[in-house]
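Asks: The structure follows.
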Amino acid sequence: MLLAEYGKHLSRIARTLFELLVKSLNLNLLEPSSHLDENTGNVRVYRYPSCSDSNNVGWGINEHTDSSVLSILSQDDQVSGLEVLKDHKWVTVKPIPNTLIINIGDMMQALSDDIYKSVFHRVKINNTKERISICYFVFPNEDVKIESSKYKPFTYNEFRAQVQKDIKETGHKVGLSRFQRNQDI
Ligand SMILES: O=C(O)CCC(=O)C(=O)O
Ligand SMILES: [Fe+2]
């Protein structure tokens, strides 16, 4: 119940941010409400237990980009772990109390023609403290066409199917580059 309430507030924040991003890019979306569809919004709570041998247990979450339009994270106030790839280097996102982290997802990158980048990120396990994060993800309506000049028009449904196929066949997500113009899908 509480999470549903939280999701509602986050969807309002996501909508406001999305509208500002669309405006800043001068995008002329025919269906702005379908490009960010509140009905797809979902909240996930993660608990990353600590591990004294944290350097050898692998990652809490391996490096990836989010497939969403936007992801909004409320990370633990005290325990760091989230890292983003910036200029080819992994940088820790320091926890700041009462602060949300806005992550651009693959769909926003495509809509913006790569002006906004879907950043690679990962989560490290802490060796003494567990870490909790609450993440809100929002996606386009499954059937709306994502159109831009760098990518062939595609729907989120097609994108998700391609991601699942790649994971099954290669063990990892290939992502947006699959839909770049001049590339075979
Ligand atoms: O736990 C976090 O801070 C990030 C989680 C995440 O990147 C994801 O679920 O996509
Ligand atoms: Fe993520």
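The values are calculated or read from the model by the stated rules, or taken from the named source; none is laboratory data. Keep in mind that this is a model prediction, so the values were computed, not measured. Here the Cβ positions follow ideal geometry from the backbone for every residue, glycine too, while neighbour counts run over all protein chains shown. Areas reflect the complete protein model, heavy atoms only, side chains present, ligands, DNA and RNA absent. Shrake-Rupley method; radii C 1.70, N 1.55, O 1.52, S 1.80 Å.
Asks: Taking every pair of alpha-carbon atoms in segment 1-50, give the share separated by more than 12 Å as a whole percent. Show your work: numbers first, answer last.
Replies: Working: 844 of 1225 pairs.
Counting pairs separated by more than 12 Å, the tail of P(r) holds 69 percent.
Asks: Here's a follow-up. Taking the Cα atoms only, what angle lies between the long axis of helix 2-24 and the longest principal axis of the chain, rounded to 10 degrees?
Replies: The helix 2-24 is inclined about 50 degrees to the chain.
Asks: For Leu82, list long-range residues whose amide hydrogen, built 1.01 Å from N in the peptide plane, is under 5 Å from its own amide hydrogen.
Replies: So Leu82 has HN proximity to Val93, Lys124.
Asks: Counting only helical runs of four or more DSSP H residues, what would the 222 nm mean residue ellipticity of the chain come to if each run contributes -39,500 (n - 2.57) and the total is spread over all its residues? Provide the component values of the computation, followed by the final result.
Replies: Details: 4 runs with 48 residues, N = 185.
Result for the chain: -8000 deg cm²/dmol, rounded to the nearest 500.
Asks: Could I ask something else about it? If you count only protein heavy atoms with a 1.4 Å probe, what accessible area per residue comes out for the chain, rounded to a whole Å²?
Replies: Values: 10810 Å² over 185 residues.
Accessible surface, normalised per residue, equals 58 Å².
Asks: Where in segment 92-108 does the label zone of Ala161 land, with the point 7 angstrom along Cα→C-beta and an amide N cut-off under 19 Å?
Replies: Residues 107 fall inside that zone.
Asks: Okay, next question. If the chain between Ile61 and Arg181 were fully stretched, how many nm would it gain, using 0.36 nm times the residue separation less the Cα-Cα distance?
Replies: Values: separation 120, 0.36 × 120 = 43.20 nm, distance 3.00 nm.
That pair, Ile61 and Arg181, stretches by 40.2 nm at full extension.
Asks: Hey, any idea what % of the chain's accessible area is carbon plus sulfur with a 1.4 Å probe? Numbers along the way, then the final one.
Replies: Values: 5470 of 10810 Å².
Carbon plus sulfur share of accessible area: 51 percent.
Asks: While we're looking at this one, here's another question. On a 0 to 90° scale, report how tilted helix 156-170 is relative to the longest principal axis of the chain, with both axes built from alpha carbons and the result rounded to the nearest 10.
Replies: Around 50 degrees separate the two axes.
Asks: Inverting the mean 1/r over all pairs of different Cα atoms, compute the Kirkwood radius of the chain and quote it in Å. Mind dumping the intermediate values first?
Replies: Working: mean 1/r = 0.0574 Å⁻¹.
With all distinct Cα pairs of the chain included, I get 17.4 Å.
Asks: Within the chain, count lysine pairs with alpha carbon atoms under 22 angstrom apart where the residues are 8 or more positions apart or belong to different chains.
Replies: Lysine pairs meeting the criterion: 24.
Asks: Taking 0.36 nm per residue of sequence separation and subtracting the Cα-Cα distance, how much length would be gained by fully extending the chain between Ile96 and Ser24, in nm to one decimal? Can you show the working numbers first?
Replies: Working: separation 72, 0.36 × 72 = 25.92 nm, distance 2.69 nm.
My answer for the length gained is 23.2 nm.
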